[in-house]
Amino acid sequence: MLALRDIRKAFGSTVAVEGLSLEVRQGEVFGLLGPNGAGKSTTIGIATGLLAPDAGSVDLLGLGSPTNPRVRMHLGLAPQEITLYGELTARENLLFLADLYGLAGAKTRVDELLALVELDTRADERTAAFSGGMKRRLNLAAALVHDPQLVLLDEPTAGVDPQSRNRILELVRTLAARGKTIVYTTHYMEEAAKICDRVGIVDHGRMLDVGTVAELIARHGGNSTVTVERDGAEVRVVTADPVAEVARQFASGGVTGVRIDRADLESVFLALTGRSLRE
Amino acid sequence: MRAILSIAKKDLRLMFRDKGDVFFTFVFPMLMAVLFGFVFGGQGGGSKITLALVNESGSKVAASLADDLVKDESFEVTRAETRDAAIAAVRAGKAAAAVVLPASIEEGAGAMFGGGGMEIDCIIDPTRRAEAGLIQGKLNELAFRQFPRMMADPAQSKRMFDQMRASIESSKDLSPGQKLAGAALAAAGESFSRSLSPETAAGAGTDASAGGFSPVQVKLEELPKRKGGPRSSFDVSTPVGMVWGIAGCVGAFAASLVIERSRGTLARLRLAPISRMHLLAGKGLACFITALLVQALLILLAVAGFRCTIAQPAMLAAGCTMAAFGFTGLAMLIAGLCKTEAEANGAGRGALLVLALIGGGTIPLFFMPPVLQTLSYASPFRWAVLAIEGPFWRDLPVSEQFAPLAVLLAIGVGGFVIGARLGALREAR
């Protein structure tokens, strides 16, 4: 579906992306996980054809580079910034974009999208008055106006409350269920773990590893920690097989509590980069 | 073309929903045109009409009429030594009209029953035509006010009735009976005038106009229009308002392009299957349409509101179109030069203000000192003002109007090309 090969991009003396390659498969939700400044947005910019790479190549659907407007038509982008016109209503924003793409039946399509992002009751209000979460949802709807096959969502939950975040994640699942291929960038490992079929870990402009969450944990997460409470004291045991360890502890008796801390994407990132995602 | 129109429609909608942009593009230029029109014309709603008064007669009646004119609250009277000096004051715009009380005024007053009457000359500025009726009416009223005084003056009264008797006696149209009746009327009138005292005359008021004779003749004359001169102060202020309107429009659209870039909406637009040139053309079209609209609005105001006339409508349309085109290019250039919204709204609009000031946006070019006139060549506003003034009121030969049109065309093309290139460089960063 989307292939980036050996991409390099520098802004002056700052190298944003260095030798990055990735392949997104048809129908999957692919997560690009990395801290702020890792090069995720630059990668998205190159994937959409908005930024020209200094080296490397991009191919979309086997049609060639998305710098070609005809190829670019097959992708939709919800940028990290809210790219809406505050003085236009939600409906006017979407109709304008539909007009740019020359869509037939634009009004019906816009009504469908407004219903999908649950803004149909606020469709004729100016977006400047919307909450952050509503703007994020409309920003996402704007990426879907022309019904693209590939949807790139750049930090779509940035700056929204937990309730709005859940609604956006639910929307992404709905899109995936409808067969859309999604590239989802985030620095929230919980989001990546929840909705992504595969995740690419990015840092300092390099792709460190790609795989399913389970594969990444298995490769880099290390052992689980079993914490056992006995006679008011806690004992921690690091083990590759936490279930067997719990069974062994219960068999020896006197256990009043037990907790298993499994390795997660945070552990993976720590193992790959030597620092935390939140640093 | 569909995409260009969509972008233009969206930008126009955004502009008309921004109260600040609407004010600076439409309301402010109209205020400028109207206020400068009044300032240049010296016309204020409640101000007095300025007159240059010449008394060529040494008579009492002329002196009395002159005093009444000076005292009248409708007028601000400046006395001039000669008729030419008074007319020069009108030409210089210092007075709306020259009022001349000729040497023959006393003779005319004496002959009022013999087909004559007091003659007053009034030479009016053609740009102040609207005030001519008021001046004429007032002069009639003040002249009539002199009659009770004339009747109460025994010498003046005697001269008047002597002339009346002589006129009746020498008439070939009257029968002997009619001549006798006329002589009797003159005798009765003379007897009546002798019975008047100055006190009763002073209170006689202004209702002395009854009767079928014509004792006052105000001769109105309009100064000839000067070729190439403004016919009204609004001729001068309208192009000024128009360039301010275009400046407001340029400021708004340059800022809108920078805002699109800085807020990321431009990236969204560029993802659509349209080229960069489509995008810029759409934004440029919105700017161009708005610039034409504000110019049309100001011309309509000048023609319908202030009775300005357009010397060369077709050339004015060409001038307005080229001014809109040139300034659309300027908007693109400013958008390319400015990195942030703050730069576009601050430095961009500030630069426009300076260019407008030196280019005839406030003080008309022909009022400017030579140094500023030379500087003004660097301002696109100069060329826009010239492109509009030429066909609007200067009535210049068409061949003389090509230079400003060509300069505006060059500014438009150059601004568009350089602005587009600078914008592309910024977006690549």
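Brief remarks on what is shown
- Over the stretch B:335-429, the pair-distance histogram of Cα-Cα distances with 5 Å bins from zero comes to 3, 12, 17, 19, 19, 12, 9, 5, 2, 1, 0 percent, rounded to whole numbers.
- The local environment of A:Glu92, defined by Cβ-Cβ distances under 15 Å, has a net charge of +3 under the rule Lys, Arg +1 and Asp, Glu -1.
- Estimated translational D of the stretch B:320-381 in µm²/s (Stokes, Kirkwood radius over Cα pairs; 20 °C; 1.002 mPa s): 172
- With 5 Å bins from 0: P(r) over the stretch A:105-155, alpha-carbon pairs, percent: 4, 20, 32, 25, 14, 5, 0
- Charge tally around B:Pro273: other residues with Cβ under 15 Å, Lys/Arg +1 each, Asp/Glu -1 each, net +4.
- Coarse-grained scattering of chain A at q = 0.10, 0.13 Å⁻¹, given as base-10 log I(q)/I(0) from a Debye sum over alpha-carbon atoms: -0.60, -0.89
- Taking the inverse of the mean 1/r over every pair of distinct Cα atoms in the stretch A:64-128 gives a Kirkwood hydrodynamic radius of 13.0 Å.
- Its residues counted as N, the stretch A:199-279 yields a C-alpha radius of gyration over 2.2 N^0.38 Å of 1.36.
- For the stretch B:237-353, the convex hull drawn through the C-alpha positions has a volume of 102 cubic angstrom per residue.
- Candidate cross-link partners of B:Lys19 among the lysines, defined by an alpha-carbon separation under 21 Å and a same-chain spacing of 8 or more, comprise B:Lys9, B:Lys10, B:Lys283.
- Per residue, the convex hull spanned by the Cα atoms of the stretch B:244-284 amounts to 52 cubic angstrom.
- With the convex hull of the Cα atoms taken as the outline of the stretch A:40-101, the averaged projected area works out to 5.0 nm².
- With bins 20 Å wide beginning at 0, the percent of Cα pairs of the protein assembly as shown falling in each bin runs 14, 29, 21, 15, 11, 6, 2, 1, 0.
- Dipole magnitude of the protein assembly as shown, debye to nearest 20 (Cβ charges: Lys/Arg +1, Asp/Glu -1, about Cα centre): 1080
- Cα-based convex hull volume of the stretch A:154-227 per residue, rounded to whole Å³: 136
- Convex hull projection area averaged over all views, the stretch A:61-197, Cα basis, nm²: 8.4
- Both radii are taken from the alpha-carbon atoms of the stretch B:367-412; with Rh as the Kirkwood radius, Rg/Rh is 0.98.
Quick note: the coordinates plus some simple rules give every number you see, no bench work behind them. Keep in mind that this is a model prediction, so the values were computed, not measured. Please note: Cβ atoms are built from the backbone with ideal geometry, for glycine as well, and neighbour counts cover all protein chains shown.
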